[in-house]
Each structure stands twice: as C-alpha cells, then as structure tokens.
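The block underneath contains the structure these notes are about, expressed in structure tokens.
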Amino acid sequence: MKKFLITGTIVTVVLAGFVSLFASASPDGLESVLLTGCETTDGEISGGTCVLQATGDHEIGGVFADYGMSFLDNEILGASLAGILGVLLTLGVATGLFWLLARGKKPAAPANDVQA
Amino acid sequence: MQKGAPPVEDLALHIPTDVIDGPTSLIFALVAVLAVGWCTVAARRGLDERLVPLAGLATAFIFAAQMLNFPIAAGVSGHLLGGALAAALLGPWLGALCVTVVIAIQALLFADGAVTALGLNVVNMALIATFTAYGVLALALKVLPRTRWGLGVAVFAASIISVVAASAGFVLQFWLGGEEVGQSLGAMAAAILGTHVLVGIGEGVITAGAVTAVAVARPDLVHALRGTPLARPATLAETLPSKTLPSKDAA
C-alpha cells in the first residue's frame with residue numbers, strides 16, 4: 001500500500017506542477033459555448049454579445065486565483081508552485097476529512113495488504 | 001484583471017459568477033447540501049481507516065487532472081471531471097465526496113468556479129457525474145467480461161455518459177436560471193452536449209487507463225470490482241501446447 005501511495009503522490013505532484021504547464025489554454029467545452037457570439041483577442045472578450053460577457057469577477061479571488069501566485073513575478077514558477085501546493089493542500093484536506101469520517105472504524109476483514 | 005472582462009483563458013469548466021440567477025443557485029445549493037450530507041452518511045458505512053489514504057490520494061489526483069486541459073477541437077479544450085474515476089475506485093458516495101472537496105477548494109482558493117455557483121457545480125460534477133458513472137459502470141460490468149479490456153470499456157463508456165450527463169445538468173440550470181444571449185437555448189444545449197461528448201472521450205481514455213492500471217496492480221483498490229481480481233486472460237504459454245514453446249524445456 002505504501003508503495004502505491006508514494007508512487008501515486010509523486011505522479012500527482014508531477015502532473016500538477018509540471019505537466020499542467022503544457023495544458024491547453026483554449027477555452028473549455030462550457031466556456032467556448034458561452035462565448036458563442038463574442039469575439040476574443042488574446043483571451044479577452046473584444047466584441048459581440050455572449051453569455052460569458054455578463055459574468056463578474058470571482059467573489060473572493062483567493063490566494064492562488066487562476067492557478068497562479070499573484071505575488072511571484074515569474075508566471076511559470078507561480079503556476080507550477082500553485083499546482084503543487086494545491087495538490088498537497090487537497091491531499092491534506094481530503095485525507096483529514098476522510099480520516100474524521102472513518103474514525104473508529106476498523107477494517108471489516110483482515111487487511112489483505114500483503115504485497116506492495 | 002479589468003472588471004467586466006475576465007480573461008477567458010483562465011476560466012475553467014466550472015460555472016463562473018452571474019451566469020445562473022440567485023434563486024436557481026440557491027435551490028441547487030440546498031440540493032447539494034442535502035445530497036452531500038446523505039453521501040457522507042452512506043460513505044461512512046463503507047469507509048474504514050485503510051481506505052482513507054487512497055481516498056485522499058484520489059482527491060488530489062482529480063484536482064491535478066482537472067488542471068490538465070486537453071484540446072478537443074480547434075480552439076476548444078476539455079478537462080477531466082473525475083466523477084468516473086472516483087466512482088470506479090471508491091464507489092459513488094465516497095467518490096462524490098472526493099469531487100466535492102476538489103470543487104470547494106477550487107472555488108475558495110483558486111477562483112475557479114464562482115462561490116455562489118458552488119451548489120450548481122457540485123450537483124453537476126460531483127453528484128450527477130459520479131452517480132451516473134457508477135450506474136453505467138455497474139450495468140456494463142454485468143454484461144462485459146471481467147478482464148482488463150472489459151473493465152476498460154466499461155470505464156470508458158461510464159466516463160462519456162457521466163460527462164454528458166453533467167453537462168446536461170448545466171443545461172437544466174441554465175434553462176431555469178440563465179439568460180439567453182446571442183443564441184437560443186436549443187442551439188446552446190446542442191453545442192454543450194456535443195462538445196461534452198468529445199470531453200467525455202478524453203476523460204474516458206484517461207480514466208480507463210488509470211483504472212485498469214490500478215486494477216492490474218491492486219485489484220483490491222478498485223471498488224467497482226468488489227474485491228474480485230480481474231480474470232487473467234490466458235497467457236500464450238497456457239494456450240499453446242508446451243512442446244511448441246521450446247524456450248521453457250530446452251533451457
């Protein structure tokens with residue numbers, strides 16, 4: 001189990017911190033449909049009318065708004081760090097919550113955790 | 001960022017601010033709270049301490065995978081929703097909780113999906129996607145052989161149908177509380193469902209790969225298999241009479 005978890009965590013951190021830098025920057029399925037009727041230049045709406053135009057700014061922004069770190073000058077480093085910290089944070093929050101939920105519950109059957 | 005002109009490329013699949021009106025958002029927030037509460041109760045029944053680290057890792061993996069937009073058409077991308085992965089590995093209740101945690105972290109810390117749209121997004125991506133995927137998976141595994149390929153095909157189908165169902169959830173929400181601009185609701189619905197077939201194919205390829213990889217290494221960690229390992233396809237050595245395999249005897 002340990003080996004599986006460690007491998008999984010490394011893969012996940014690499015996906016968020018490195019592979020994500022090469023992800024497509026095009027609007028996704030929902031956005032592209034909400035953009036129908038508008039023209040865009042450099043990722044900003046530049047004309048026309050569409051649903052997405054009506055959207056306001058995000059209510060709170062957040063420390064890692066738009067998967068970057070606003071206080072870092074280096075955009076690539078910021079995106080990579082935001083991804084890695086996001087993964088570690090998610091891992092921590094989820095494990096913590098599920099641990100609370102499972103508290104006091106022992107495995108029903110003897111764990112068949114022999115290999116790996 | 002100028003007000004009123006959010007950078008398009010930084011938004012994600014999640015519903016942004018002010019697309020769906022307040023009353024509709026509130027109704028779906030209530031639905032989400034009730035359903036997630038029910039999932040919490042149901043998930044505890046199947047949860048034990050051994051499963052906790054796996055559920056935590058699956059949640060982190062879905063968070064990472066949602067950052068990886070892949071191109072699906074010229075100028076359009078898609079990303080994994082994760083419902084099918086969560087359902088296959090952890091079952092519908094715990095799976096839905098994993099995706100809920102991801103969506104909450106994205107909305108609260110990453111400005112991805114509006115806070116007011118949390119209920120809408122949780123209903124679509126965590127509840128509709130995960131439960132649809134689980135239903136399809138359970139049905140498909142009854143029909144398909146319990147081999148690596150059978151599981152892969154089942155997960156692939158579950159992924160596509162779950163993503164299209166999640167996007168249909170958005171269409172319903174927009175019909176209730178959205179304002180048509182620039183295109184009719186019908187045209188928009190067709191476009192959304194159509195693009196999400198493509199997103200679903202991408203999700204299906206990634207999820208089928210990930211789930212079969214886990215199933216081969218650790219079948220006990222795949223909830224959908226219910227504790228039974230995959231039927232091992234007969235190897236070459238077993239299908240051929242031993243005489244035709246000189247390497248074994250000649251050595």
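The values are calculated or read from the model by the stated rules, or taken from the named source; none is laboratory data. These numbers were taken from a predicted model, which means no experiment stands behind them. Neighbour counts run over all protein chains shown; Cβ positions are idealised from the backbone, glycine included.
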Log entry, pairs with first residue in the range B:194-208 being within 10 Å of B:GLY78 (Cα to Cα) and within 11 Å of chain A (Cβ to nearest Cβ), second being at pLDDT below 95 and surrounded by fewer than 16 Cβ atoms within 10 Å (Cβ to Cβ), beta carbons closer than 7 Å, six or more apart or on different chains, reads B:LEU198/B:ALA73
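For the structure I just gave you, tell me whether A:ILE45 is buried (at least 19 other Cβ atoms within 10 Å of the Cβ) and at the interface with chain B (Cβ under 7 Å from one of its Cβ atoms). Before you say what the answer is, go through the steps one by one.
Numbers: buried (at least 19 other Cβ atoms within 10 Å of the Cβ): yes; at the interface with chain B (Cβ under 7 Å from one of its Cβ atoms): yes.
Judged against the criteria, A:ILE45 is a match.
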Can you tell me which residue in the range B:101-155 is nearest to the chain's Cα centre (by Cα), limited to those that are among the polar types (S, T, N, Q) and within 19 Å of B:THR17 (Cβ to Cβ)? B:ASN124
Filter result for B:VAL123 (under 24 Å from A:LEU35 (Cβ atoms) and surrounded by fewer than 23 Cβ atoms within 10 Å (Cβ to Cβ)): no
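When the range A:13-33 is examined, which residues are found to be assigned to a helix (DSSP H, G or I) and more than 7 Å from chain B (Cβ to nearest Cβ)?
Taking the range A:13-33 first, the residues assigned to a helix (DSSP H, G or I) are A:13-17, A:19-22, A:29-33.
A:VAL13, A:VAL14, A:GLY17, A:LEU21, A:PHE22 - these are the residues of the range A:13-33 that are assigned to a helix (DSSP H, G or I) and more than 7 Å from chain B (Cβ to nearest Cβ).
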Unmet criterion (only one of (1) surrounded by 24 or more Cβ atoms within 10 Å (Cβ to Cβ); (2) within 7 Å of chain A (Cβ to nearest Cβ)) for B:ARG44: (1)
Does A:ILE10 meet the test of being touching a helix residue (DSSP H, G or I) at 6+ places or on another chain (Cβ under 7 Å), part of a helix (DSSP H, G or I) and not polar (S, T, N, Q)? no
Can you name every one of the helices (runs of 4 or more DSSP H) wholly within the range B:68-179 that holds 1 or more residues which are within 8 Å of chain A (Cβ to nearest Cβ)? B:92-109, B:148-177
Condition first: more than 7 Å from every other protein chain (Cβ to nearest Cβ), surrounded by fewer than 18 Cβ atoms within 10 Å (Cβ to Cβ) and without any contact (Cβ under 8 Å) to a residue 12 or more places away in the chain. Can you find one or more residues in the range A:49-65 that meet it? no
Taking the stated definitions as given, is B:ILE15 more than 8 Å from every other protein chain (Cβ to nearest Cβ) and either out of contact with any strand residue (DSSP E or B) (no Cβ under 9 Å at 6 or more places or on another chain) or surrounded by fewer than 24 Cβ atoms within 10 Å (Cβ to Cβ) (or both)? no
